[in-house]
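*Asks:* First the structure, which I've put down as structure tokens, then a few questions once you've had a look.
Bear in mind that the values in this text are calculations on the coordinates, not laboratory data. Remember, it's a predicted structure, so these values are computed and weren't measured experimentally. Using ideal geometry, Cβ is built from the backbone for each residue, glycine included, and neighbour counts are taken over all protein chains shown.
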Amino acid sequence: MSEDSEPLGCLGFILKLFGIDLGQWGGSASGMARLPYRLRDDFLSPAELSFYRVLQAAVGDEWAICCKVRLADLFFVPRGDGDTAHRNRIDRKHVDFLLCDPRTMQPRLGIELDDASHNRVERQERDKLVDDVFDAAELPLLRIPAARTYQKPQVIALVKGALADTPRESLPETTTDAVPVCPKCGVPMVRRTASKGRNQGAEFWGCANYPHCRQVVQV
Ligand SMILES: [Zn+2]
């Protein structure tokens, strides 16, 4: 909004008050036609919105809720693990909801609402892939059958149960001079020097996939 100049200024504002929009007539200073983007009114389906409200009441401030997150924003394929096929497989896929640590926004739990479409064969194949991707990346995924209404205690119990299954991250320490392998990605790590912070100047092994992977092993 702020980038566009308003050639009609005050008049344009008055026209807008009366519901007259000159924008579609190329009213912007550049004379460019209006781009064909319109805001969707169904960002969340009624079922998703209904579940979102209960989820929000259930988790409160404890977790940040993200809606419709692209799998490609959640997961990465480590370098060296080759072809772009793995990347392409998740390229256009989303998870319905994601619970993140509200301080760091680190993803902790994916939630999928399974409606009737999940019974279709191609949908089941898609679900299986998504399950496997979450599994490989060790991010728990909770599947909840779509319902007309949701009960808060039931959602709390499901979320708590799924979070309890979260595997604890273990950081193996290496004491040899050999190049360690990133415990998360399975690729050889890279020797780096901390450029800032408390450990400035200190050497460490960092993952070759940084910044997607921030795994560190002490030298
Ligand atoms: Zn890594």
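*Asks:* Which of the peptides 43-51, 60-68 is most tightly packed, and how do the rest follow, going by the mean number of other Cβ atoms within 10 Å of each residue?
*Replies:* 43-51, 60-68
*Asks:* Can you list the residues, at least 5 places off or on another chain, whose amide H is less than 5 Å from the amide H of C182, using H built in the peptide plane?
*Replies:* V187, M189
*Asks:* Let me ask another. For R126 and A164, what is the calculated FRET efficiency with R₀ set at 30 Å and r taken between the beta-carbons, to the nearest 0.05?
*Replies:* With R0 = 30 Å, the Cβ-Cβ based efficiency is 0.65.
*Asks:* Take the stretch 46-164, drop everything but the C-alpha atoms, weight them equally and run the Debye formula without solvent; then report log10 I(q)/I(0) at 0.15, 0.18 Å⁻¹ to two decimals.
*Replies:* -0.69, -0.98
*Asks:* Another one. Using alpha-carbon positions, what is the distance between the centroids of the stretch 101-151 and the stretch 32-70, in Å?
*Replies:* Each part reduced to its Cα centre gives a spacing of 16 Å.
*Asks:* Can you divide the C-alpha Rg of the stretch 72-123 by 2.2 N^0.38 Å and report the result to two decimal places?
*Replies:* 1.43
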